[in-house]
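So the structure is just underneath, and the comments pick up after that.
The values are calculated or read from the model by the stated rules, or taken from the named source; none is laboratory data. Just so it is clear, the model here is predicted, and its values are computed rather than measured. FYI the Cβ positions are ideal-geometry reconstructions off the backbone, even for glycines, and counts take in every protein chain you see.
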Amino acid sequence: MRPARLVSLALLAGVALAPPLAASSGITTVLTAVDGKCITTSGQNFTDNRLRAYWGTGLGSVDGFVKFDLSSIPDGATITSLKLTTFHEQGFGNPSNGPVVSVHRVQSDAWSSSTTGDAHPGLAEKLTPSNPGPFPSADLVPVDWDLDVNAVNWSQDLADDLDALALHNDNAAQSIYSYVYFYNAAPNPAPPTLTVRYTTGPHLEVANFVAGQNGVVTLSSFTPNGQAALLMSGALGPLSISSACGTQSFDVGLPVFVFFLPLGPTGTLTLAGALPSDATGVTLYFHALDIQSCEQSNAVPVTIG
């Protein structure tokens, strides 16, 4: 299978609808929660160190809110993965009556554990499937929640340096109550953490490179309204190329196929197309250059499944 045929199909078919997968390069940082509290949908506040995912006939939903400081991440970064880790609080018979928990982004960051009259800030995008557990019963057992980074435009959170998340119990079918508890943001014994993986500068991602399916290539964090040079080869480099940006080395080999792609006002472009059904096992190597800034993206190898 000739790589040129694969690229022509993958890149010229138009804008993709499928979300991209994160490429392997990037920076990882682990953030510790800076604030947290629980609030009912009717506005009752709980300011203890408990992160609740509760539903009951008396209180309704009691959602657990936790806040993270994002100031260590550059405003223009591209977030490629997020993992929330919470630590179970032993006691009170929890987990009780089949809690089904989902993690949401929060509509407003304007709440604090130091106040007692905050209104419920509202649940925004759902970032995880509804998780029926099983949840641990022992103390301090970690539970990881892989968040859907593609469900949210994180630029506002990066700009205001705060991200608030909520645990919500989706099980409202119990006749009395259903709940599971975790520790909240107090320094002891175990505040929630948020593991953030991100890139800065031009970023290249590929997704769904499966024979007979639609492969996706996404460029992000390039110069707005600029132009990108996307390089693809069936061989691994390095390969030195001279241009207006000088001589640069790319992780592709010869023959190389170069596509000059105009970028919109967000500096992002997503392209996709059907991969041939007989392409299984073919390895392709992608690299890209921001022509305005002369910055290279990460290099991405991908083997078609």
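Does region 169-181 include one or more residues that are buried (at least 17 other Cβ atoms within 10 Å of the Cβ), aliphatic (A, V, I, L, M) and in contact with a Lys or Arg (Cβ under 7 Å, 6 or more places away or on another chain)?
So far as region 169-181 goes, no, none of its residues is buried (at least 17 other Cβ atoms within 10 Å of the Cβ), aliphatic (A, V, I, L, M) and in contact with a Lys or Arg (Cβ under 7 Å, 6 or more places away or on another chain).
For Ser178, state whether it is of a type in the set (Ser, Thr, Tyr) and closer than 30 Å to Ala138 by Cα. Criteria met by Ser178.
Could you list, in sequence order, the residues of region 96-108 that are under 25 Å from Leu82 (Cα atoms) and surrounded by 18 or more Cβ atoms within 10 Å (Cβ to Cβ)?
Across region 96-108, the qualifying residues are Pro99, Val100, Val101, Ser102, Val103, His104, Arg105, Val106.
Annotation: of all residues in region 236-292 being part of a loop (DSSP other than H, G, I, E, B) and in contact with a helix residue (DSSP H, G or I) (Cβ under 9 Å, 6 or more places away or on another chain), the one that is farthest from Ile304 (Cα to Cα) is Pro255.
The lone criterion from (1) surrounded by 17 or more Cβ atoms within 10 Å (Cβ to Cβ); (2) touching a strand residue (DSSP E or B) at 6+ places or on another chain (Cβ under 9 Å); (3) at pLDDT 90 or above left unmet by Glu205 is number (3).
The residues of region 31-78 that are modelled with pLDDT of 95 or more and either among the aliphatic types (A, V, I, L, M) or not assigned by TED's automatic domain parsing to the domain that holds Ala172 (or both), listed by number, are Leu31, Ala33, Val34, Ile39, Leu51, Ala53, Val62, Val66, Leu70.
For region 146-156, the condition of being out of contact with any Leu (no Cβ under 7 Å at 6 or more places or on another chain), free of Cβ contacts under 8 Å to residues at least 12 places away in the same chain, assigned by TED's automatic domain parsing to the domain that holds Leu127 and not polar (S, T, N, Q) holds for none of the residues.
Only one of (1) more than 17 Å from Thr80 (Cα to Cα); (2) modelled with pLDDT under 95; (3) of a type outside the set (Asp, Glu) is not met by Pro121, so which one is it? In the conditions (1) more than 17 Å from Thr80 (Cα to Cα); (2) modelled with pLDDT under 95; (3) of a type outside the set (Asp, Glu), Pro121 misses (2) alone.
Scanning region 30-86 for residues that are in a strand (DSSP E or B) and small (Gly, Ala, Ser) returns Gly36, Ala53, Gly56, Gly60, Ser61, Gly64, Ser81. Within region 45-73, the set of residues being closer than 20 Å to Ala159 by Cβ and not hydrophobic (A, V, I, L, M, F, W, C) comprises Lys67, Asp69, Ser71, Ser72.
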